[in-house]
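One structure is given here, and the rest of the page talks about it.
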Amino acid sequence: MRLRDVRKVKVQGKRVLVRVDYNVETSAAGRPRDVTRLQATIPTITWLLKHGAVVILVSHRGRPAGRAAKFSLRPLLPTLRRLIGRPVQFISEPVYSHAVTAAVEALRPGQVALLENIRFEAGEEDDSPRLAKRLASFADLMVNDAFADSHRAHASIVGVAREIPAYAGLLLQREHDELSTLLKRPARPYVAILGGAKISTKLHLISQLLKRADMVLLGGALANTILQAEGTAIGTSFSEPSLLKQAAGLSVTNAKLKIPCDVITATKRVRQAPHQVRPVGRIGRREMILDIGPDTLDLYGRVIAKARTVVWNGPMGVYEVTPFDRGTTALARLIGRHRCRSIAGGGETLDAIHRARADRQFTFLSTGGGAMLEFLEGKHLPGLSAVAYH
Ligand code: ADP
Ligand code: 3PG
Ligand code: MG
């Protein structure tokens, strides 16, 4: 698939609707916890401004049911202004109001505005033609730079692209290029590491990765479900029992698939809780698995040391709570140090990599969570097709 590059178009004096993904958490003080997703869109915005366009940013945040202050994009404005280095006008009214038409029409080349959370509008998630037409009426062309939301066939992603010419932004292109390499021609050995807690969204990916990668290493709560499906007692560990049947279908005798051979357990999931190393198969009834153990880490380290490509999604343990961050932190540093093509994605995975201060050592950090997983499964992403040559 070849994407239509926005840099091939004349944007001077044009109004450009840019779909970005600013779906980020804010701290108690109301500031974004992590600015990676905002920062990642700056190259496209800067390019458009430099070439004399009017930039109208559109994003969603969270999964609101109607208008809700806690999902507003307003708290992101100070950070966005700082990153862009220009004023950013916030348009908070519902998109059908005259105030929005007037505000958009008043924008001049070189100016930037951010619309309020697009999921506040009925019709965004079911791709209503009415909403798509309304958004399209604000602009001459649209740019999709929201890779992280490109697995959603929503009005602001695919609907607008049916109404006005649509192009791929710089971030979207980079994500597509980096991840396509993993699908088409990864340098081998190619090692995939999967962990985390969203088991239902990741089980199918394991079987897909077993076809493409040379080795698949599992950790986190995802591995708990596989261990349980295999008949191993996992005490009170977090798992998704509804997925046991599906998990049992994954052949653990497959030589490419590695599951933890030892784990760290505790009876409480709290900071500095008393904990122990347990070989898998020796987990007490009241214990829960909170991290991978030292032998597993050693084994995974040896596999990674031979890899020429590593892709990673999902922490190996409850990395938010010390000392159960050890496995994840060690893995992040190990991959970071090893000279290979290293790609990681997923909200918590990136957070863990940042905490381990290994972020700059990775080849590429994807802004996509679900979108990256679906892409790696080989699924078609509607947001990419909408800006591709056919
Ligand atoms: P990502 O956002 O990187 O895709 P997920 O959302 O799937 O990752 O999972 C991240 C969460 O998984 C973290 O909050 C972490 O605490 C949790 N997790 C990892 N290992 C375990 C475990 N053994 N038990 C419970 N939760 C775990
Ligand atoms: C993400 O955070 O993965 C994207 O913003 C998509 O959000 P969604 O899962 O609510 O559609
Ligand atoms: Mg997550």
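Remarks
- Test: residue in segment 79-99 that is of a type in the set (D, E, K, R) and in contact (Cβ under 8 Å) with a residue 60 or more places away in the chain: no
- For segment 4-20, the set of residues classified as part of a strand (DSSP E or B) and crowded, with 19+ Cβ neighbours inside 10 Å consists of 15, 16, 17, 18, 19, listed by residue number.
- Residue 220 vs. criteria within 16 Å of ligand 2 (Cβ to nearest atom) and either modelled with pLDDT of 95 or more or under 21 Å from residue 281 (Cα atoms) (or both): no
So that you can scan it fast, the table gives a plain yes or no per residue for (1) in contact with a Cys (Cβ under 9 Å, 6 or more places away or on another chain); (2) within 16 Å of ligand 1 (Cβ to nearest atom); (3) in contact (Cβ under 8 Å) with a residue 12 or more places away in the chain:
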position: 179; (1), (2), (3): no, yes, yes
position: 187; (1), (2), (3): yes, no, yes
position: 200; (1), (2), (3): no, yes, yes
position: 215; (1), (2), (3): no, no, yes
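- Filtered residues of segment 124-148 (kept if at positive phi and surrounded by fewer than 19 Cβ atoms within 10 Å (Cβ to Cβ)): none
- Helices (runs of 4 or more DSSP H) enclosed by segment 149-219 - at least 2 residues per element that are within 16 Å of ligand 3 (Cβ to nearest atom) and open to solvent by less than 10 Å² (accessible area, probe 1.4 Å): 199-212
- Segment 316-362: number of residues that are without any contact (Cβ under 8 Å) to a residue 40 or more places away in the chain, over 15 Å from residue 297 (Cα atoms), more than 9 Å from ligand 1 (Cβ to nearest atom) and not in a helix (DSSP H, G or I): 6
- Filter result for the condition that a residue is among the small types (Gly, Ala, Ser) and within 30 Å of residue 155 (Cβ to Cβ), over 356, 307, 332, 371: 371
- Within segment 339-356, the set of residues being open to solvent by 20 Å² or more (accessible area, probe 1.4 Å) and either within 16 Å of ligand 3 (Cβ to nearest atom) or closer than 17 Å to residue 313 by Cα (or both) comprises 340, 341, 347, 348, 351, 354, 355.
- Counting only strands (runs of 3 or more DSSP E) that fall entirely inside segment 252-313 and contain at least 3 residues that are β-branched (Val, Ile, Thr) and closer than 23 Å to residue 336 by Cβ, the qualifying elements are 309-313.
The values are calculated or read from the model by the stated rules, or taken from the named source; none is laboratory data. Treat the numbers as computed from the prediction; the structure is a model and nothing was measured. Heads up, the Cβs are rebuilt from the backbone with ideal geometry, glycines too, and the neighbour counts pull from every protein chain shown. What goes into the accessible areas is simple: the full protein's heavy atoms, side chains included, and nothing from ligands, DNA or RNA. Shrake-Rupley method; radii C 1.70, N 1.55, O 1.52, S 1.80 Å.
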